[in-house]
1. State whether one or more residues within the range 96-108 are in the same structural domain as residue 190 (by TED's automatic domain parsing), without any contact (Cβ under 8 Å) to a residue 24 or more places away in the chain and out of contact with any Cys (no Cβ under 7 Å at 6 or more places or on another chain).
2. What pairs can you find where one residue is in the range 122-146 and without any contact (Cβ under 8 Å) to a residue 24 or more places away in the chain, the other is crowded, with 22+ Cβ neighbours inside 10 Å and part of a strand (DSSP E or B), and their Cβ atoms are less than 7 Å apart, with a gap of 6+ or different chains?
3. Could you figure out which of (1) part of a helix (DSSP H, G or I); (2) in contact with a strand residue (DSSP E or B) (Cβ under 6 Å, 6 or more places away or on another chain); (3) free of Cβ contacts under 8 Å to residues at least 12 places away in the same chain isn't true of residue 82?
4. Please verify whether residue 141 is at pLDDT 95 or above, surrounded by 16 or more Cβ atoms within 10 Å (Cβ to Cβ) and over 27 Å from residue 47 (Cα atoms), treating the condition exactly as stated.
5. Out of everything in the range 67-95 that is among the hydrophobic types (A, V, I, L, M, F, W, C) and under 24 Å from the mean Cα position of the chain (by Cα), what residue ends up being surrounded by the fewest Cβ atoms within 10 Å (Cβ to Cβ)?
6. So which of 169, 146 ends up being buried (at least 18 other Cβ atoms within 10 Å of the Cβ) and touching a Leu at 6+ places or on another chain (Cβ under 6 Å)?
7. Going by the structure shown, is residue 60 farther than 30 Å from residue 129 by Cβ, among the polar types (S, T, N, Q), surrounded by fewer than 12 Cβ atoms within 10 Å (Cβ to Cβ) and out of contact with any Lys or Arg (no Cβ under 7 Å at 6 or more places or on another chain)?
8. Considering 24, 18, 40, which residue is without any contact (Cβ under 8 Å) to a residue 12 or more places away in the chain and either in contact with a helix residue (DSSP H, G or I) (Cβ under 9 Å, 6 or more places away or on another chain) or at positive phi (or both)?
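The values are calculated or read from the model by the stated rules, or taken from the named source; none is laboratory data. A quick note: this is a predicted structure, and the numbers were derived from the prediction, not measured. Every residue, glycine among them, receives a Cβ derived from its backbone with ideal geometry; neighbour counts consider all protein chains shown.
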Amino acid sequence: MEPMILGSLGGRPCIACSVDASASLPEGYAAMGLRALFASLDADRFSVAGYACEMIYWQSASGFCALCGSPAEAVPREWSKRCKACGHVAYPRVSPCVIVLIHDGDRVLLTHKPGWGPVQSVVAGFVEPGESLEECLTREVLEEVGAEVDEIRYFGSQPWPFPHQLMVGFFARYRGGELRLDTNELDAAAWFHVDALPPLPGKLSIARQLIDTWVASRRP
């Protein structure tokens, strides 16, 4: 795959390319996964790294037309590929997700998935065709933890390059419902007091930004 020019950061050009896993790297360089970089880069540099990974993933997954299976070629001056046979144009995929902090006074509902270690986080899920973001939020919360919510309030969004999500964050007030886990998605969910929170996601994540913002709102 040819290198891709992504733009610049601090006046320096940013270029993305794939490297064979068996290739030797120049002195002073080391291979690191994107999730490892999440804990060691600032927000701007992680954003560029995530952008690079998304574009490399798209390049590797878009060589053939999704409609007829014929080879696709890059379109000049934009991120897209056109089928040589049928003319179908495809763009890099972005999968919208909602992520929501559910609060009840001084309590917050946090969940846990297998493989997360001790870290607990908030509810999240993919938007389905025909859904608004708010409808997705309501459905995901009910399906994953059995809760009903109201007073939905938008917080912000964050690209999440694992591999091509856009996380859209909300706050929502717990209205009722007994906790009931979707064990295909989660292995635990519990209420935590604002002064007794468990280990949380990294500070760059929108999940942590939601939690930190809520915590600040509950303390004078």
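1. yes
2. Pairs that qualify, where the first residue is without any contact (Cβ under 8 Å) to a residue 24 or more places away in the chain and the partner is crowded, with 22+ Cβ neighbours inside 10 Å and part of a strand (DSSP E or B), are 138/149.
3. Only one criterion in (1) part of a helix (DSSP H, G or I); (2) in contact with a strand residue (DSSP E or B) (Cβ under 6 Å, 6 or more places away or on another chain); (3) free of Cβ contacts under 8 Å to residues at least 12 places away in the same chain is unmet by residue 82, namely (1).
4. Answer is yes for this residue.
5. Looking at residues that are among the hydrophobic types (A, V, I, L, M, F, W, C) and under 24 Å from the mean Cα position of the chain (by Cα), I get 94.
6. Being buried (at least 18 other Cβ atoms within 10 Å of the Cβ) and touching a Leu at 6+ places or on another chain (Cβ under 6 Å) holds for just one of 169, 146, which is 169.
7. Criteria not met by residue 60.
8. Only one candidate passes the filter, namely 40.
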